[in-house]
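Here's the structure we're looking at; comments come further down.
Just so it is clear, none of the values below were taken in a lab; they were calculated from the coordinates. Bear in mind that the values here come from a model prediction, so they are computed numbers and not experimental data. All Cβ positions, even for glycine, are placed from backbone atoms using ideal geometry, and neighbour counts span all protein chains on display.
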Amino acid sequence: MGEDRQNVIIINGNQCAFEPGETILEVARRHDIDIPTLCHLKGATPTGACRVCVVEVEGAASLMASCVTPASAGMVVHTESPKVVAARRLVLELMLASGNHNCTIRGADDGDWTAMQLKVMQEDQAEVLCPVWGDCRLQDLAFRYQATAQRYDRAETPYPQELVNPFIVRDFSRCIRCGRCVQACNEVQVNNAINFGFRGAALKIVAADDRPLRDSDCVFCGECVQACPVGALVEKGVRYRVRPWETTRTRTTCSYCGVGCQLDLHVADGRVVRVTGAEDAAPNYGSLCVKGRFGFDFIHSPERLTKPLVRDGDQLREATWDEALDRVVQGLAAVRDSHGADAVGVLCSARITNEENYLLSKLARAALGTNNIDHCARL
């Protein structure tokens, strides 16, 4: 009992048991006590860079970053004290004053705001607010702590948008330098394609001697996009085309290989517009490859066949399903009867459902009597 009492801290008046080595943030989250974060990335080394997770610890000379501060016996922690709230609001307002954060948090429709909005609209080539409006952690916290960008002069960003990449738009004007993308790339996916570059006000996330992602070691897995809490990294295909509240999510399993990664399909008007990794599910816990995250355009491609084709000599012609299926049955039966079942092979596709691939497997093994079945996972 004495040892149990030693492994207890008090958070907002609640006794919370902890394990040696746990941080204040980990203990709080395990006990359903909310401490906001921006830079913290689950599974990566905590850095305490953003200072949004600061808490007040009785007896400490200053506020402590909860993501890097170990819990210790007898510690008394306040997560929403006046000092904590003021500190978080200050941090958020400094972030909002840096770059093109043109959401609705400014709180006034003055001339400076209007000029900035017009400038951002021209740069973004869009007449609406930020591409991640409604899906931005910085915006959420700004509303929560009533932070605005009026107190400080807005700092211009010296780097233009990077639009040349096939899947990802990099908007440095909305980057808050939290480092989540760097950790997602280097510690989670271990691709080591991006890192911090330059210093001071010129600090920037760079890839391969500050070249575009397409000319670097980036494999376009999109882990950085999913980790980004703001609008600095956005999928090119969805940017300004659909808003989060216009979509519904459907959980499914990726069919590109046999790992079984869990996906969330974001569907709008009956069309898949975006794919994200399911962060709460094994085996991938949010991570995806380039095919799993971006290889879904074929679903609604106008080039998909809608009628079967059969070959007459060197020509393909449209046919009925009955004619096409009869040809398949006759051809497979003739090969099997003449050369045996091992002479037959079945090639499945990553572009059909798992259920359809299962039926093809049953057809090959049970009906044709062959184990020669493989899976084509090309993008």
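Derived value for the stretch 2-80: Kirkwood hydrodynamic radius 12.5 Å. Basis is the mean of 1/r over every pair of different alpha-carbon atoms.
Given the stretch 247-379, what percent of its DSSP beta bridges are antiparallel, to the nearest 5? Of all bridge pairs located within the stretch 247-379, approximately 80 percent are antiparallel.
Which of K119/K204; K83/K119; K119/K291; K236/K307; K42/K119 have a Cα-Cα distance over 28 Å?
K83/K119; K119/K291; K236/K307; K42/K119, as the Cα separations exceed 28 Å there.
Between the amide H of S349 and those of C376, distances stay under 5 Å, these residues lying 5 or more places away or on another chain, with hydrogens modeled in the peptide plane. Could you work out [θ]222 nm for the chain from helices alone, using -39500 (n - 2.57) per DSSP H run of at least four and dividing by all its residues? Round to the nearest 500 deg cm²/dmol. Calculated mean residue ellipticity at 222 nm is -7000 deg cm²/dmol.
Computed from the C-beta positions of F198 and E80 and an R0 of 35 Å, the FRET efficiency is 0.45 to the nearest 0.05. Taking the Cβ of R30 as the centre, find all other residues whose Cβ is under 13 Å away and add up their charges (Lys, Arg: +1; Asp, Glu: -1). Once positives and negatives cancel, what remains is -3. For R274, the residues whose amide H sits under 5 Å from its own are H266, ignoring neighbours fewer than 5 places away on the same chain, with H placed 1.01 Å from N.
Entry note, the stretch 242-295: relative contact order of 28 percent, from Cα contacts under 8 Å with a spacing of 6+ residues. With neighbour counts taken as other beta-carbon atoms within 10 Å, the residues D210, D171 rank, fewest first, as D210, D171. When the Gaussian network model of the chain links Cα atoms closer than 10 Å, the mean-square fluctuations of V329, V273, V132 top out at V329.
DSSP finds beta bridges in the stretch 309-376, and of those with both partners inside it, around 50 percent are antiparallel. Expressed as a whole percent, how much of the Cα-Cα distance distribution for the stretch 96-241 exceeds 23 Å? Of the Cα pairs, 34 percent sit more than 23 Å apart. For the chain, the share of DSSP beta bridges that are antiparallel, to the nearest 5, is 80%. Counting every alpha-carbon pair across the stretch 5-143, the share separated by more than 21 Å comes to 50%.
Using C-alpha pairs under 8 Å with a sequence gap of at least 6, the mean separation divided by the residue count of the chain gives a relative contact order of 10 percent.
The value obtained for the chain, namely the Cα convex hull volume divided by the number of residues, is 201 Å³ per residue.
Could you list T253, T247 so that the one with the fewest beta carbons within 10 Å of its beta carbon is first and the one with the most is last?
Ordered from fewest to most neighbouring Cβ atoms within 10 Å, T253, T247 come out as T253, T247.
Footprinting exposure proxy ranking of W321, W133, fewest other C-beta atoms within 10 angstrom first, gives W321, W133.
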